[in-house]
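The values are calculated or read from the model by the stated rules, or taken from the named source; none is laboratory data. Nothing here was measured: the structure is a model prediction, and the numbers come from that model. Here Cβ is always computed from backbone atoms with ideal geometry, including for glycine, and neighbour counts include all displayed protein chains. For the accessible areas, the whole protein counts, side chains as well, though only heavy atoms, and no ligand, DNA or RNA atoms are used. Shrake-Rupley method; radii C 1.70, N 1.55, O 1.52, S 1.80 Å.
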Amino acid sequence: MPCPDDASPSRRRFLKRTALGAAGAALWPGAACASPQQDERASGREGRLPEGLPPEEQLGIALVGLGNYATGQLAPALQETRRCHLSAIVTGTPRKAKAWQKKYDLSEAHTYDYETFDQLAGDDAVDIVYVVLPNGMHAEYTVRAAEAGKHVICEKPMATSVAEGERMIGACDEAGVKLSIGYRLHFQPHHRRVMEWGQERVFGPVERMNNGFAFPIGSPEGNPAVQWRLDKAMAGGGALMDVGIYAVQAARYTTGEEPVAVTAEEFKEHPQKFDEVDETIHFELEFPGGAVGKGRTSYSDSYNRLRAEAADGWMELEPAYGYGGVDGRTHRGPMQIENVNQQARQMDAFAACIQEGRASRVPGEEGLRDMKVIEAIYDSIDAGQRVQIS
Ligand code: NAD
């Protein structure tokens, strides 16, 4: 299966395009006048230290679930972080445990399985538990991590329902630990620009958006990562929960507003394969300021785009949502913005929040707002009509 959240062209192709873009003369708006502080904010660089903290001052992260994302993205990113490092693993597969111990110099004392998970409470090397399990397991392991007294990062979607999300937030509040959701694009410089320009109405008020993320999921045969994604109890839903959530996020952070109503439709070309979860969904979100956000998602197609049209111009990211490189442009020309290691930025920023006693930029409440919109999208499909979002 292609890595779902990275359904973008190869990094090499992207870098080639960026080099060409950089040679062009067109400038993105604000380039000449952005202050260093604005640049820091836009790039999501807060929390970054030029040299990094000495190891004893860094926070330790335990990765829970050593699947594709943990293996391919998070563990490598933890080799680049400057405020936190990989200090423990949780896996049900002894073979994986051995390989990770060797590769990342981890001892048996910091290796757990799902039965011994709660013993993390006594592991002083672990400050943050990062839940990278199938969606249907997020709530249980977030609550257990909080009860073990650890701060938590939980992957998106935060849960499979609003009720679960509320339970997770409640458990973290009760335990006095912070909860952050794995929304890496809030630390990605192109997306920071879109948030800033959209919310500050740099091109006038945003009127229309067209956001979509889809990838062909492939066959479940012999592929556990596809199998659980097609299983309602494990995934909570299909393409919408997995990658459509990026289109929902994009509409919300481009406007800086919460949608008040949605009209959605579902399409199934392969009803047998997708008998439990959604294959393709189109939705239209209405925002209080008048913007309309069209969104699309599918497990049987391929697109990856954010586009916002405002009264006096437009902005577009394509590819938009992967981590192999984001590329963007506005009506004035290409955005000349450097790509970064999104996951390293995201984890360092959370470590900085803990160390400095600040709130996460992407707390549980942010995840919950998406869950409310997602539930409303499913409600609209079931009802066959527009529904209000409360
Ligand atoms: P994956 O299937 O590759 O990994 C899941 C891991 O959970 C595996 O190691 C598996 O062994 C383990 N697991 C434990 N109990 C299991 C059970 N009962 N059934 C199935 N697996 C079980 O999946 P992934 O792609 O790594 O996704 C994991 C989470 O990360 C998902 O919530 C997904 O949405 C999220 N994710 C986020 C991004 C991102 O860019 N933020 C990218 C990919 C995945």
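Please work out which residue is nearest to Gln342 (Cα to Cα), limiting yourself to segment 62-84 and to residues that are open to solvent by 60 Å² or more (accessible area, probe 1.4 Å) and free of Cβ contacts under 8 Å to residues at least 60 places away in the same chain.
For segment 62-84, the residue satisfying everything is Gln79.
For the subset of segment 140-161 comprising residues that are among the aliphatic types (A, V, I, L, M) and surrounded by fewer than 23 Cβ atoms within 10 Å (Cβ to Cβ), which member is nearest to the ligand (Cβ to nearest atom)? Step through it out loud before you land on a result.
Taking segment 140-161 as the starting set, the residues that turn out to be among the aliphatic types (A, V, I, L, M) are 143, 145-146, 148, 152-153, 158-159.
Still in the list and also surrounded by fewer than 23 Cβ atoms within 10 Å (Cβ to Cβ): 143, 148.
On the way: Val143: 16, Ala148: 18 Å.
Top of the filtered list is Val143.
Quick check on Gly136: is it in contact with a helix residue (DSSP H, G or I) (Cβ under 8 Å, 6 or more places away or on another chain), open to solvent by 10 Å² or more (accessible area, probe 1.4 Å), within 16 Å of the ligand (Cβ to nearest atom) and not assigned by TED's automatic domain parsing to the domain that holds Tyr253? Break it down into steps so the answer makes sense when it comes.
Numbers: in contact with a helix residue (DSSP H, G or I) (Cβ under 8 Å, 6 or more places away or on another chain): yes; open to solvent by 10 Å² or more (accessible area, probe 1.4 Å): yes; within 16 Å of the ligand (Cβ to nearest atom): yes; not assigned by TED's automatic domain parsing to the domain that holds Tyr253: yes.
Yes; evaluated as a whole, the condition is true for this residue.
Taking first residues from segment 217-235 that are within 11 Å of Val277 (Cβ to Cβ) and more than 7 Å from the ligand (Cβ to nearest atom) and partners that are not charged (D, E, K, R) and not in a loop (DSSP other than H, G, I, E, B), the Cβ contacts under 7 Å between residues at least 6 apart in sequence or on separate chains come to Ile217/Val226; Arg229/Ala235; Ala233/Gly136; Ala235/Asn135; Ala235/Gly136; Ala235/Trp228; Ala235/Met241. One residue stands out among those in segment 174-193 that are within 11 Å of the ligand (Cβ to nearest atom) and closer than 14 Å to Gly324 by Cα: the one that is surrounded by the most Cβ atoms within 10 Å (Cβ to Cβ), which is Leu185. The set of residues in segment 88-100 that are surrounded by 16 or more Cβ atoms within 10 Å (Cβ to Cβ) and either among the aliphatic types (A, V, I, L, M) or touching a residue at least 40 places away in the same chain (Cβ under 8 Å) (or both) comprises Ala88, Ile89, Val90, Ala97. Looking across segment 62-79, just one residue is within 16 Å of the ligand (Cβ to nearest atom) and more than 18 Å from the chain's Cα centre (by Cα), and that is Ala62. Among the residues of segment 205-213, are any farther than 22 Å from Asn339 by Cα, not assigned by TED's automatic domain parsing to the domain that holds Arg296 and not in a loop (DSSP other than H, G, I, E, B)? No, every residue in segment 205-213 fails to be farther than 22 Å from Asn339 by Cα, not assigned by TED's automatic domain parsing to the domain that holds Arg296 and not in a loop (DSSP other than H, G, I, E, B).
Hey, can you tell me all the residues within segment 104-113 that are free of Cβ contacts under 8 Å to residues at least 24 places away in the same chain and either touching a Ser or Thr at 6+ places or on another chain (Cβ under 7 Å) or in a helix (DSSP H, G or I) (or both)?
In the first step, residues of segment 104-113 are kept if they are free of Cβ contacts under 8 Å to residues at least 24 places away in the same chain; the result is 105-109, 111, 113.
Listed by number, the residues that qualify are Glu108, Ala109, Asp113.
Within segment 79-103, track down each residue that is assigned to a helix (DSSP H, G or I), under 23 Å from Ala344 (Cα atoms) and of a type outside the set (Gly, Ala, Ser). Within segment 79-103, Lys96, Trp100, Gln101, Lys102, Lys103 qualify.
I need the full set of residues from segment 312-352 which are assigned to a helix (DSSP H, G or I) and open to solvent by less than 10 Å² (accessible area, probe 1.4 Å), in order please.
Kept after step one, since they are assigned to a helix (DSSP H, G or I), are these residues of segment 312-352: 342-352.
Result: Gln342, Gln343, Ala344, Gln346, Met347, Asp348, Phe350, Ala351, Ala352.
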